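Report on the following structure.
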Amino acid sequence: MILKFPRLALAEGTAEQVLRDMGLAALPIDPMGIAMDKDISVEAAPPTTTGFSGMLAQWDTNFGIMYATHIASEGFQRFSVGHELGHYFLPGHVEQLLAAGPHKSHAGFGSRDPYEQEADFFAAALLMPRSLLKPILNRYEDGLEVIRAMAAECNTSLTASAVRYAQVGRSAVSVVVSEDGAIDFCLFSDAMKEAKVRWLKAGTPVPQGTATARFGANAANVAAARSMTERVDLMDWFDCPGSHMVSEEVIGLGSYGKTLTILHSSKLTAQAQGYDDDDEEDDAVVLDRWTPRFHK
């Protein structure tokens, strides 16, 4: 049966079962080691090979994974292997995807294909298990600070860490990935959804006047992995019924060529949790958002 919708709960549950079966309960999780334990060969593709993030192949009863190296990020490469393990472990993937030969993937949360979405979700849950993330989420401030900590302790990319942060955290956060002034994808945490924000569709322009639009206009910012922080009204980004001042944190993703934007609000987080947060910073005057801070 061909999937019409991703089974995200099944994907996370399958990843958790793999970790339990293998007795893996400490960070970082090694996807290459998991593959070896299952007698799956893992090889790195030459840096000149592009067009996919990973590949799963089968011959007789044997399986092999090849992962891309043209993006010089260990976190990205580990996620790519985790994604292919998702295709291997998740019910129905091998039968559907390998029927015509090796399957090439484009991991990274931008696909609308339910099989790719399931494999992305599996990889995130495998490398960043919910139970092992709780101490990190409790130890660091919202936004890029906690995302950087997750990436360091889980040995994952900033993008994957940001997505997982939005999936499992209790904070009001929006994650946006863009390239050349256009949206790749965006997602909201459950707490942010309570502000009744509407999605930005893939391919639509990054809203003009935002820090992300100005930051991305200079390719050197992205290539050098610079970062920038501003105060901004959520309405400048999304269609939503009310005005909310939020923090907009932007960082270039280097050779990946994309920009990661994190929008978060302690006030919206408190409201979603049933508290009344009088954080003065969230009520800062609009002029504050036009005072950018750049970091090397």
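The values are calculated or read from the model by the stated rules, or taken from the named source; none is laboratory data. The structure displayed is predicted, hence computed values, not measured ones. Virtual Cβ from ideal backbone geometry, glycine too; neighbours counted across all protein chains shown.
Select from segment 156-180 the residues that are surrounded by fewer than 17 Cβ atoms within 10 Å (Cβ to Cβ) and either in contact with a Lys or Arg (Cβ under 7 Å, 6 or more places away or on another chain) or under 16 Å from GLU248 (Cβ atoms) (or both) and list them in ascending order.
If the condition is that a residue be surrounded by fewer than 17 Cβ atoms within 10 Å (Cβ to Cβ) and either in contact with a Lys or Arg (Cβ under 7 Å, 6 or more places away or on another chain) or under 16 Å from GLU248 (Cβ atoms) (or both), then GLU179 is the only one that fits.
Residue under question is ILE34, and the condition is that it be outside the structural domain of LEU253 (by TED's automatic domain parsing) and either modelled with pLDDT under 95 or in contact with a strand residue (DSSP E or B) (Cβ under 7 Å, 6 or more places away or on another chain) (or both); does it hold? Spell out the reasoning first.
Working: outside the structural domain of LEU253 (by TED's automatic domain parsing): yes; either modelled with pLDDT under 95 or in contact with a strand residue (DSSP E or B) (Cβ under 7 Å, 6 or more places away or on another chain) (or both): no.
No; evaluated as a whole, the condition is false for this residue.
Might you let me know whether segment 39-46 holds any residue that is among the hydrophobic types (A, V, I, L, M, F, W, C), closer than 11 Å to LEU85 by Cβ and modelled with pLDDT of 95 or more?
Within segment 39-46, one or more residues are among the hydrophobic types (A, V, I, L, M, F, W, C), closer than 11 Å to LEU85 by Cβ and modelled with pLDDT of 95 or more.
Would you please name the residue that is farthest from ILE71 (Cα to Cα), looking only at residues in segment 136-173 that are under 11 Å from the mean Cα position of the chain (by Cα) and outside any helix (DSSP H, G or I)? Working first, answer last.
Keep residues of segment 136-173 that are under 11 Å from the mean Cα position of the chain (by Cα), which gives 147, 151, 156-167.
Within this subset, residues satisfying the condition of being outside any helix (DSSP H, G or I) are 156-157.
Details: THR156: 13, SER157: 11 Å.
It comes out as THR156.
Have a look at LEU10, LEU19, LEU3 and point out the one that is part of a loop (DSSP other than H, G, I, E, B) and either at pLDDT below 95 or on the phi < 0 side of the Ramachandran plot (or both).
Exactly one residue qualifies, and that residue is LEU3.
Could you check segment 89-107 and list, in sequence order, the residues that are surrounded by 20 or more Cβ atoms within 10 Å (Cβ to Cβ) and without any contact (Cβ under 8 Å) to a residue 60 or more places away in the chain? Let's see the steps before the verdict.
Looking only at segment 89-107, we keep the residues that are surrounded by 20 or more Cβ atoms within 10 Å (Cβ to Cβ), and these are 90, 93, 97, 103, 105, 107.
Within segment 89-107, HIS93, LEU97, HIS103, SER105, ALA107 meet the criteria.
With the checklist (1) over 18 Å from PHE122 (Cα atoms); (2) in contact with a Phe, Trp or Tyr (Cβ under 9 Å, 6 or more places away or on another chain); (3) of a type in the set (Phe, Trp, Tyr) in hand, flag the one item TRP59 doesn't pass.
Looking at each condition in turn, TRP59 falls short on (2).
Does segment 173-215 hold any residues that are of a type in the set (Gly, Ala, Ser) and either closer than 15 Å to THR259 by Cα or touching a Leu at 6+ places or on another chain (Cβ under 6 Å) (or both), and which are they?
Residues satisfying the conditions are SER174, SER178, GLY181, ALA182, ALA195, ALA202, GLY203, ALA211, ALA213.
Residues in segment 65-89 that are of a type in the set (A, V, I, L, M, F, W, C), under 27 Å from VAL176 (Cα atoms) and either over 16 Å from the mean Cα position of the chain (by Cα) or at pLDDT below 95 (or both): how many?
Adding up the residues that qualify gives 5.
What's the number of the condition ALA25 fails, among (1) in contact (Cβ under 8 Å) with a residue 40 or more places away in the chain; (2) outside any helix (DSSP H, G or I); (3) surrounded by 12 or more Cβ atoms within 10 Å (Cβ to Cβ)?
Only one criterion is unmet by ALA25, namely (3).
Look through SER53, SER41 and report the one residue that is surrounded by 11 or more Cβ atoms within 10 Å (Cβ to Cβ), within 21 Å of GLY108 (Cβ to Cβ) and among the hydroxyl-bearing types (Ser, Thr, Tyr).
SER53
Restricted to segment 52-108, and to residues that are among the acidic types (Asp, Glu) and assigned to a helix (DSSP H, G or I), which residue is farthest from THR156 (Cα to Cα)?
Filtering segment 52-108 for residues that are among the acidic types (Asp, Glu) and assigned to a helix (DSSP H, G or I), the one farthest from THR156 (Cα to Cα) comes out as GLU95.
If you check LEU200, LEU260, LEU187, which single one turns out to be in contact with a strand residue (DSSP E or B) (Cβ under 6 Å, 6 or more places away or on another chain) and in a loop (DSSP other than H, G, I, E, B)?
Of the residues listed, the single one that is in contact with a strand residue (DSSP E or B) (Cβ under 6 Å, 6 or more places away or on another chain) and in a loop (DSSP other than H, G, I, E, B) is LEU200.
When residues of segment 210-259 are filtered for being among the aliphatic types (A, V, I, L, M) and under 26 Å from THR48 (Cβ atoms), how many remain?
The number of residues fulfilling the criteria is 7.
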